[in-house]
1. How big is D, in µm² s⁻¹, for segment 1-114 by Stokes-Einstein at 4 °C and 1.567 mPa s if Rh is the Kirkwood radius over C-alpha pairs?
2. Taking loop as defined by DSSP and a crowding limit of 16 other beta carbons within 10 Å, which GluC sites (Glu not before Pro) in segment 35-138 fit?
3. Sorted by accessible area with a 1.4 angstrom probe, largest first, how do T41, T92, T78 fall?
4. Given the protein chains as shown and a 1.4 Å probe, how many square angstrom of I149 are accessible, to the nearest 10?
5. Suppose accessible area is computed on protein heavy atoms with a 1.4 Å probe; arrange V140, V129 from highest to lowest.
6. Between K54 and T78, what is the FRET efficiency for a Förster distance of 30 Å, r being their Cβ-Cβ separation, to the nearest 0.05?
7. Name the residue, out of L24, L37, L132, whose mean-square fluctuation peaks in a Gaussian network model built on the chain with Cα pairs under 10 Å.
8. Leaving ligands, DNA and RNA out of it, work out the accessible area of R137 with a 1.4 Å probe and give it in Å² to the nearest 10.
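The values are calculated or read from the model by the stated rules, or taken from the named source; none is laboratory data. Model, not experiment: these values are computed from the prediction. Don't worry about glycine lacking a Cβ; one is built from the backbone with ideal geometry, like all the others, and counts go over all protein chains shown. Heads up: the accessible areas ignore ligands, DNA and RNA and are worked out on the full protein's heavy atoms, side chains in. Shrake-Rupley method; radii C 1.70, N 1.55, O 1.52, S 1.80 Å.
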Amino acid sequence: MPKRSKQDTLITINTILEAATHQLIELGYDKMSYTTLSKETGISRTGISHHFPKKTDFTSALEGRFIKTAIDQLDITTSLSALTSSWANALTNSSFMSIFKLVFHHSIVSGDDCNFSHRFIDKIITLIVHELGEEARKEVEMMLGRTLIAMAK
């Protein structure tokens, strides 16, 4: 069997990651599986697990995408009140909420391996504090709490 080119491998990985992004946001972490990914991509479960041996590998690989999607919903450059207002509006955005559900869910189900959740939240805080100053830290922590409360509704 001929060896696949690096370009073909990257195309396969990106196809898997696109499907994983869609399924993590639409279905959630528990319902996404190697089987659902295989059905969506046409790539065998073995082929998927070759690139992503553990389910948590998907969240690690997609961390940057999820951070960007969340930050894109927020006004982090104008003022604290603009941040708070944009975050309140983002709580009605299904993608924003799905990402935070994934982050919080992952921190619970992953036990000691909740690095994705820690990195995600730390990165969000760091990006906002970098733009709005240290006083934004408390506001972000409060908005994270509001996000948790909104999920319970």
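1. Reported coefficient: 83 µm²/s.
2. E134, E135
3. The residues order as T92, T78, T41, largest area first.
4. Taking all protein chains as shown, I149 has close to 110 Å².
5. V129, V140
6. 0.15
7. Highest fluctuation of the listed residues: L132.
8. Number for this one is 90 Å².
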